[in-house]
Amino acid sequence: MNYLLHICIMLAIYGMLASSANLLIGYSGLLTMAHAAFYGLGAYVYALLSLHFNWPFWATLPCAVAAGALVGWLFGLAALRFRNETFVLATIGFQMIVYVVLYNWTGLTRGPYGISGIPHPAVFGCRIETVPQFFLFAAVMFLIVLGISVLLCRSSFALSLKALRDNEAAAQTLGIPPRRQYIRAMIVGSALAAIPGVCFAGYVTYIDPTSFTLQESIFIASILLVGGSGNIKGPLCGVLFMLILPEVMRFVGLPDAIAANMREIIYGLLLIVLMYFRPRGLAGEYAVK
Amino acid sequence: MNGTDRNGRAPLLLARNIAKSFGDFRALRDVDVTVFPGRITAFVGPNGAGKTTLFHILSGNLRPDRGRVLLDGVDITRFEPWRIAWMGMGKLYQDVRIFEGLSVLDNVKAALLEPSDYSILSAFRLRRFAAAERTRNDEAMHYLEYVGLGEFAKKRGGELSFGQQKLLAIARLLAHGSRLLLLDEPTAALSPVMTENMISLIRKITEEQNVSVALIEHNMRVVRNLASYIYFLHEGTVFCHGTQSCVLENPEVRELYMGLSGGRME
């Protein structure tokens, strides 16, 4: 039972990550490879404030969101001078810098040793410790982030982003300021990405930089490529596919000696086939370029 | 041409001493252009004459090496295109550039957004959003019907034909409230029927919407049908400008543009 609930918690965490990345990748056309950096930022802000200052969950969460928004804004100011491939490279660079800082600033982050003993969050005086409790907590957080994403994605703000995504020059002839809108998208996307970071740190109670690597950012982008982006359901389909498929493949009955490698190969092949036949992903509206 | 037109109106758009080079290639050399309100001004000339470069400079897509552009007397030379759009100048690109992933209706609704609609907080003003959305839908439909695309409102922009995409792009510019349209080859690659529709539409918007038009065009029939003033560009300079008869009957223009030594330029 706890195994299934654990998968559901991870679905909720990645659901929040995918929904926030969707605002950048699906609505703005900004293929970011730095989303795990903001996810990690949220996790570290929660871990440090709750561990060293005994700050309660309700105080650390806004701080993590604010830190995500602030760093997203600063990063956006620099990176959104670039577009397309150069923007992707800038995000990879940023992701690597964040990883190196987390790994080497041992005085603050304990580097490769990670931070252990992170307190579980407490909501309304009730400490969330067991897996079922955490499942409910993660579900509520997921619904909040999903609700915010739905409002954002139906808004005129999102329409301006989609116009820029489809053709920046044409959108400018209608008065839409590209840099300003992209930076706003970066602020919101980064702020929302910090929330699953807080949930993750509070759930596993131990974090180290290896959870927030470039590979993790690529995984988040892959969720959107596979599930689709530019609408609400695409990222959610992607999360279900990308998280449940590996679990299902555990039960395929492959010989133990090759099971792990074969699972990776089958997984990779399925992704390639999917991209070939459905460039917009399983349920998306936008084909990532 | 620096002062007012014969009706006493001040110029809408003024470009002075515009120069632009790409490496060693001098695309524009001290070009002076004046566009008056309420008239259709055509820019003609052979390929490579600098017409599209001039339009890119007028619309803020390119910065000139030298010279100034004034819209309603305001120096817009260093303005970004979106700011120029808010000052009332819209541009139709040669390759149209519609929002292919959006519905035809949403293409026009994007043009109806106000600066306050761009804010993140707009997503949380639910009641205001619902009311504004209804108004935007109605207005967008009005502009689509005006250009004859009402029945395609729910289609994706990318599903329209090239000619329909041009009409959609013009509907967007009208919806945004552009007072001056820069149209880069509005009839290029259109069928004869669609060309006629486009000519009618351009004439209609200048007469009914109080919109002025500056267009680049190679089709001389279109120019003769629409333009009241013509600039002939050649090798990055304004070779001559004036009324239709003044420019199109000029033997040197005919020689340079069409290789004609006599007869009528069609």
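The values are calculated or read from the model by the stated rules, or taken from the named source; none is laboratory data. Because the structure is a prediction, the values reported are computed rather than measured. For neighbour counting, all protein chains shown are included, and Cβ atoms are generated from backbone atoms with ideal geometry for every residue, glycine included.
Below are the figures for this structure:
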{"item": "Residue list for the range B:147-166, filter: small (G, A, S) and either within 21 Å of the chain's Cα centre (by Cα) or part of a helix (DSSP H, G or I) (or both)", "result": "B:G148, B:G150, B:G157, B:G158, B:S161, B:G163"}
{"item": "Residues of the range B:86-123 classified as at the interface with chain A (Cβ under 8 Å from one of its Cβ atoms), over 24 Å from B:R134 (Cα atoms) and not in a strand (DSSP E or B), total", "result": "1"}
{"item": "Tally of residues being away from chain A (no Cβ under 14 Å), out of contact with any Gly (no Cβ under 9 Å at 6 or more places or on another chain) and either closer than 14 Å to B:R97 by Cβ or buried (at least 24 other Cβ atoms within 10 Å of the Cβ) (or both) across the range B:149-185", "result": "2"}
{"item": "Looking only at the range A:149-172, and only at residues there that are more than 7 Å from chain B (Cβ to nearest Cβ) and out of contact with any helix residue (DSSP H, G or I) (no Cβ under 7 Å at 6 or more places or on another chain), the one that is modelled with the lowest pLDDT", "result": "A:R154"}
{"item": "Near pairs, Cβ below 9 angstrom, 6+ apart or cross-chain, from the range A:84-107 (touching a residue at least 12 places away in the same chain (Cβ under 8 Å) and farther than 26 Å from A:Y182 by Cα) to any residue that is in a helix (DSSP H, G or I) and of a type in the set (F, W, Y)", "result": "A:L102/A:Y44"}
{"item": "A:T91 surrounded by 15 or more Cβ atoms within 10 Å (Cβ to Cβ) and either within 18 Å of the chain's Cα centre (by Cα) or more than 21 Å from A:L51 (Cα to Cα) (or both)", "result": "yes"}
{"item": "Output for the range A:168-214, where each listed residue is closer than 30 Å to A:P56 by Cα and touching a His at 6+ places or on another chain (Cβ under 9 Å)", "result": "A:G189, A:S190, A:A193, A:G202, A:Y203, A:T205"}
{"item": "Matching residues in the range B:15-35 - criterion: being without any contact (Cβ under 8 Å) to a residue 60 or more places away in the chain, crowded, with 22+ Cβ neighbours inside 10 Å and within 23 Å of B:V211 (Cα to Cα)", "result": "B:A15"}
{"item": "Some residue of the range B:131-146 being within 14 Å of chain A (Cβ to nearest Cβ), surrounded by fewer than 23 Cβ atoms within 10 Å (Cβ to Cβ) and not in a helix (DSSP H, G or I)", "result": "no"}
{"item": "Tally, over the range B:101-119, of residues that are out of contact with any strand residue (DSSP E or B) (no Cβ under 8 Å at 6 or more places or on another chain) and surrounded by fewer than 19 Cβ atoms within 10 Å (Cβ to Cβ)", "result": "4"}
{"item": "Residue check for B:V44: touching a Phe, Trp or Tyr at 6+ places or on another chain (Cβ under 9 Å), farther than 29 Å from A:M186 by Cα and at pLDDT 95 or above", "result": "no"}
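Let's see how each residue does on (1) in the same structural domain as B:H56 (by TED's automatic domain parsing); (2) in contact with a Leu (Cβ under 8 Å, 6 or more places away or on another chain):
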site	(1), (2)
B:I84	yes, yes
B:D106	no, yes
B:A111	no, yes
B:E114	no, no
B:S122	no, no
